[in-house]
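The values are calculated or read from the model by the stated rules, or taken from the named source; none is laboratory data. Fair warning: this is a prediction, and the values are worked out from it, not measured in the lab. Note that each Cβ is placed from the backbone with ideal geometry, even for glycine, and that neighbours are counted across all protein chains shown. Keep in mind that these areas ignore ligands, DNA and RNA; they rest on the heavy atoms of the full protein, side chains included. Shrake-Rupley method; radii C 1.70, N 1.55, O 1.52, S 1.80 Å.
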Number of protein chains: 2
Amino acid sequence: MSRASHRAYETIRSMILSGELPAGGQLAEEALAERCGVSRTPVRDALRRLESDLLVTRTDTQRSFVADWSLDDVADAFELRAILEGRAARRAAERMTEAAFERIRAANLRISEAIHQPEPDVSGFLDGNRDFHSEILETAGSRRLSALLSTLIEQPVVWRTAHHYSRDALLRSHSEHEELIAAFARRDGAWAEAIMAGHILRAYHAYSDAHRGLAQLDSSRGVN
Amino acid sequence: MSRASHRAYETIRSMILSGELPAGGQLAEEALAERCGVSRTPVRDALRRLESDLLVTRTDTQRSFVADWSLDDVADAFELRAILEGRAARRAAERMTEAAFERIRAANLRISEAIHQPEPDVSGFLDGNRDFHSEILETAGSRRLSALLSTLIEQPVVWRTAHHYSRDALLRSHSEHEELIAAFARRDGAWAEAIMAGHILRAYHAYSDAHRGLAQLDSSRGVN
DNA sequence: CCTGAGACATTTGTATACAATAATGTCCTA
DNA sequence: TAGGACATTATTGTATACAAATGTCTCAGG
């Protein structure tokens, strides 16, 4: 993506995720253009994309607003993620190559190292975690599945949330990854699917326990 | 959507689906603008949306091309549809209201009437079919599920394909709908999910049997 | 004959002006 | 005071010009 357009997208997105733009607030193109330091054209691009991410909604009369995610919406997103990432894990297990297997193991090894610092390296954990999941998605080899999941997984991690995770939660996540790796080693698609679905849903409940009643924006990224 | 933008979208889309724009061919914004009788601005909008529909792909250098769907891609799309529409049917069964139930039954009644003409009214069948499925999706009450499915179901039906369906295929589809209605009547989510998944996958195989080895574009719409 | 540098053509990205549409406020009437 | 037509304002849609980036072709040098 080109410079101004990308910049508008990232800027608006982070303003939404950080709460700087409040949920339900209107997004006027001109005002955003000014805040991003670009013209309306790339802002319009960005809004279109944010809309397909479901971070922005449009009225029937084409006004854009910051989407406010209810608890139900969050549950909804996690439920779909569990289904689709589960399916991705199944396909990945069935198509697993040695090279992909090694990359997945390596990602989980990085996670392990990040966790076992004196003070857990959450940022390192999240990097490894992202790689772990995206390697699996890659191995699943379905463009459409990737496309669908990309709308459910908000990529830029909201660090302030991530840093609340306990070492226990990180360790549990790591060990679930290990079990996934075992399923991959055996090329057992059904097993991999079951573990992955559970992995995502556990992340959901950890999230909902922690955030019950709070602002619900930075949701679709748990420790998974 | 506004006039020019909508026009560009519909025009380009139908040119792709009809094969007027060959799979793999480049889509230059200016040329499309001229053919649609609008400026580049709405064309760019349309291309963005078609890209998210996976009807158009972009290179890393931002050139747009007509996506060519391999047989695997088609199988992929149907597999995901089966999963997601199955889930929608389950949720719909669990949330079914009398009013929604009646609308769904009415849609299938219209299908029945369309089929039982001396010469089957395929267009009427497809209208009813669309209503039937969209009522279920509506009743499922998940914005995200709707958003995901909309990228898998190409709305504008390719009539030339539809007209090849045999009366038998139409009748079978109708009777599967009846079974779904029975599941809804009993609020049996698991049953509804199973029937719906089978319904979609049968449509896939009908499609793939009919089109094996032919051009694969107008795919994601079977008799379902 | 191959290769790569550079000029040229093509295509996309961005800014801006203006048109069209929706939202808002005002005033009049009942 | 409530409601509704109209004017006003705000916001989005579209066209266009130009900038930036990409692709292509030619031709010199090896």
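Among the conditions (1) in a helix (DSSP H, G or I); (2) assigned by TED's automatic domain parsing to the domain that holds A:GLU10; (3) open to solvent by 10 Å² or more (accessible area, probe 1.4 Å), the only one that A:LEU47 does not satisfy is (3).
Residues in the range B:1-42 that are away from chain A (no Cβ under 13 Å) and in a helix (DSSP H, G or I): how many? Result for the range B:1-42: 19.
The residues of the range A:26-56 that are of a type in the set (Val, Ile, Thr) and more than 19 Å from the chain's Cα centre (by Cα), listed by number, are A:VAL38, A:THR41, A:VAL43.
Just a yes or no: is a residue in the range A:105-112 within 11 Å of chain B (Cβ to nearest Cβ) and either without any contact (Cβ under 8 Å) to a residue 24 or more places away in the chain or among the β-branched types (Val, Ile, Thr) (or both)?
No, the range A:105-112 has no match at all.
Looking only at residues in the range A:79-91 that are open to solvent by less than 20 Å² (accessible area, probe 1.4 Å) and more than 10 Å from chain B (Cβ to nearest Cβ), which one is farthest from B:LEU145 (Cα to Cα)? The selected residue is A:ALA89. Scanning the range A:54-78 for residues that are open to solvent by 10 Å² or more (accessible area, probe 1.4 Å) and among the small types (Gly, Ala, Ser), we see that the one that is nearest to A:ARG187 (Cα to Cα) is A:ALA75. The set of residues in the range A:50-72 being touching a residue at least 40 places away in the same chain (Cβ under 8 Å), more than 10 Å from chain B (Cβ to nearest Cβ), touching a strand residue (DSSP E or B) at 6+ places or on another chain (Cβ under 8 Å) and assigned to a loop (DSSP other than H, G, I, E, B) consists of A:LEU55 alone.
Take A:GLU94 and tell me if it is within 16 Å of DNA strand C (Cβ to nearest atom) and surrounded by fewer than 20 Cβ atoms within 10 Å (Cβ to Cβ). Here the answer is no, as A:GLU94 does not meet what is asked. Look at the range B:141-174 and say how many of its residues are surrounded by fewer than 16 Cβ atoms within 10 Å (Cβ to Cβ), at pLDDT 85 or above and away from chain A (no Cβ under 14 Å). Here the count works out to 3.
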